[in-house]
Amino acid sequence: MRILLLSAYDADSHIYWREGLVRNLPEHEWTVLSLPGRYFSWRMRGNSLSWAFGEAETLSKPYDLVIATSMTDLSSLRGFVPSLANTPTLVYFHENQFAYPSSGKEFKSVGPCILNLYTALSADYCLFNSEYNRRTLLEGAEALLAKLPDHVPAGIVERIEERSCVLPVPLNEDSFLDHKGRRGEFHITWNHRWEFDKNPQLLLDSMIKLDQAGVDFTLHVVGQQFRKIPKQFEQLKTQLGSKIGHWGYMESRSAYQALLQQSDVVLSTALHDYQGIAVLEGAAAGAYPVVPDRLAYTELFPIECRYESFDKNVNQVENEAVSLAATLQTLIKNKQAGVNLEKVDVSNLEWSELAESYRQIITQIAAEK
């Protein structure tokens, strides 16, 4: 089968997914087009223009199936390239703009949400990496459509719901490693993008409380950084001092995996995570996931791994910081008492477990036209 794979905003998690897709379904003939994961507003609105007139020859070739990420302006692209209008299309939602948190600094526009909606409607079928992702898109679309003044057709949300399902991003085989925790030391790894949506304020507040509790720990803060780094990271580094271990992005995957193997805990403080590959990779390497009791994490990890969450109207960050610090303090004391943290099994998300599901849906959608 000849498949055109489009990654319109090729962030790290999107690269991880598309490379795994091509590698684990080698029976297909893949053509991959991607655009860098930067200049978000332009990339969201401009990817169809960039591709239709910059990659016209590639796009005009005959394909049996198009697989596009949800950032793709699919309705415009299929209009610009008529041959794509008749090609079966599968859209993969790594995230949706309806559930993306606001920093309070950006220009508020419904444009990204509308693009998600049009792309979902332009596809023959939609895949979501979690039920949380799927549900928040459907609920967000319903709320948006209810606000529009007139001529809103009935059944829009139902159409997407009926033509969609959940199929997670699988974990690479090399993610599953033996844990190599160190005796006596308690190591916490926070391994996310250094941006506001990963909630650095909660990380800062909870680590200060944990430090003030007088327990011994080392915090590793790794992950992708950008030109503008939230001020909380420098404050955290200054506040914790000698309790900071690795600091900054780790170029070597083997060194990064070794850190996960030696970590007692892999931590999320996110305001949004639609699946949480970083935490899942940590769990696959034997680190114990400590995550908020919200987002996609309620589907992935048992309640024991989830610290209490609070409504935004009751000082969410402050209360979650107390809850998170208390959870970590208990885990540290348990280790000191000789109680080992149990490894959380995420083997159901390995490519060997999910490849056949991808294979079946690809075959099904390609055969429908």
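The values are calculated or read from the model by the stated rules, or taken from the named source; none is laboratory data. Note that the coordinates shown come from a computational prediction; the quantities given were computed from them, not determined experimentally. FYI the Cβ positions are ideal-geometry reconstructions off the backbone, even for glycines, and counts take in every protein chain you see. Note: areas computed on protein heavy atoms with side chains; ligands, DNA, RNA excluded. Shrake-Rupley method; radii C 1.70, N 1.55, O 1.52, S 1.80 Å.
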Amide H contacts of HIS220 (H built 1.01 Å from N, under 5 Å, at least 5 apart or other chain): ILE188, THR189, TRP190, GLY245
For the stretch 281-287, what does the Karplus curve 6.51 cos²θ - 1.76 cosθ + 1.60, with θ = phi - 60°, yield as ³J(HN,Hα) per residue in whole Hz, taken in order and with x for Gly and Pro? 5, x, 5, 5, 8, x, 6
May I ask you to rank SER206, SER109 by accessible area, largest first, using a 1.4 Å probe over the protein chains only? SER109, SER206
Kirkwood Rh, the chain, all Cα pairs: how many Å? 21.8 Å
Per-residue accessible area for THR238 at 1.4 Å probe radius, Å² rounded to 10? 100 Å²
Subtracting the Cα-Cα distance of ASP12 and ALA143 from 0.36 nm times their residue separation yields 44.1 nm
Connecting every pair of Cα atoms under 10 Å apart in the chain and solving the GNM, the largest mean-square fluctuation among HIS246, HIS151, HIS14 falls on HIS151
Carbon and sulfur: what percent of the chain's accessible surface (1.4 Å probe)? 49 percent
Estimated [θ] at 222 nm from DSSP helical runs (n ≥ 4, -39500 (n - 2.57)) normalised by residues in the chain, nearest 500: -13000 deg cm²/dmol
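For the chain, the longest stretch holding no GluC sites (Glu not before Pro) located in a DSSP loop with at most 12 other Cβ atoms within 10 Å is which?
107-250
Between GLU251 and ARG135, 0.36 nm times their residue separation minus their Cα-Cα distance comes to what? Mind dumping the intermediate values first?
Working: separation 116, 0.36 × 116 = 41.76 nm, distance 3.50 nm.
Gain in length upon complete extension: 38.3 nm.
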With the other protein chains left in place, how much accessible area per residue, in square angstrom, belongs to the chain at a 1.4 angstrom probe? 46 Å²
Estimated dipole of the chain in Debye, rounded to 20 [Cβ of Lys and Arg +1, of Asp and Glu -1, Cα centre]: 940 debye
Rounded to a whole number, what is D in µm²/s for the stretch 82-156 from Stokes-Einstein with the Kirkwood radius over alpha-carbon pairs (20 °C, 1.002 mPa s)? 156 µm²/s
Give me a comma-separated list of calculated 3J(HN,Hα) values for the stretch 249-256, in order, Karplus coefficients 6.51, -1.76, 1.60 applied at θ = phi - 60°, integers in Hz, x for any Gly or Pro. 5, 9, 5, 7, 5, 5, 5, 5
Might you report the magnitude of the Cβ-based charge dipole of the stretch 1-126 about its Cα centre, with Lys and Arg at +1 and Asp and Glu at -1, to the nearest 20 debye? 360 debye
Sorting SER164, SER309 on solvent-accessible surface, 1.4 Å probe, most exposed first, gives SER309, SER164
Pop a pseudo-label 7 angstrom from the Cα along the beta-carbon direction at both ILE244 and PHE40 and give the gap in nm to one decimal. 2.5 nm
State which stretch of the chain is the longest one without any exposed chymotrypsin sites (Phe, Trp or Tyr not before Pro), exposure meaning a DSSP loop state and at most 14 other Cβ atoms within 10 Å. 250-369
Under a straight-distance cross-link criterion of Cα-Cα below 12 Å, which aspartates and glutamates are reachable from LYS335, leaving out those fewer than 8 residues away in the same chain? GLU185, ASP216, ASP264
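Once you wrap a convex hull around the alpha carbon atoms of the stretch 211-303, what is its projected area averaged over all directions, in nm²?
Over all viewing directions, the stretch 211-303 projects a mean Cα-hull area of 7.0 nm².
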Give, in whole angstrom and from largest to smallest, the semi-axes √(5λ) of the equivalent ellipsoid of the stretch 14-112, with λ running over the eigenvalues of the Cα gyration tensor. 25, 17, 12
On a 1.4 Å probe surface of the protein chains, which of VAL32, VAL344 comes out largest in accessible area, and what is the full order? VAL32, VAL344
In whole Hz, the Karplus estimates of ³J(HN,Hα) for the stretch 342-352 (6.51, -1.76, 1.60; θ = phi - 60°; x where Gly or Pro) are 7, 5, 8, 7, 10, 5, 5, 9, 6, 4, 4
Dipole of the stretch 167-248 (Lys/Arg Cβ +1, Asp/Glu Cβ -1, origin at the Cα centre): which of PRO230, LEU167, HIS179 lies farthest to the positive side? PRO230
What does the charge dipole of the stretch 135-259 about its Cα centre add up to, to the nearest 20 debye, if the Cβ of each Lys and Arg holds +1 and the Cβ of each Asp and Glu holds -1? 500 debye
Expressed in nm to one decimal, what extension gain is obtained for the pair GLU234 and ASP293 from 0.36 nm per residue of sequence separation less their Cα-Cα distance? 18.5 nm
Rg [Å, one decimal], Dmax [Å, integer] - the stretch 155-309, C-alpha atoms: 16.6, 59
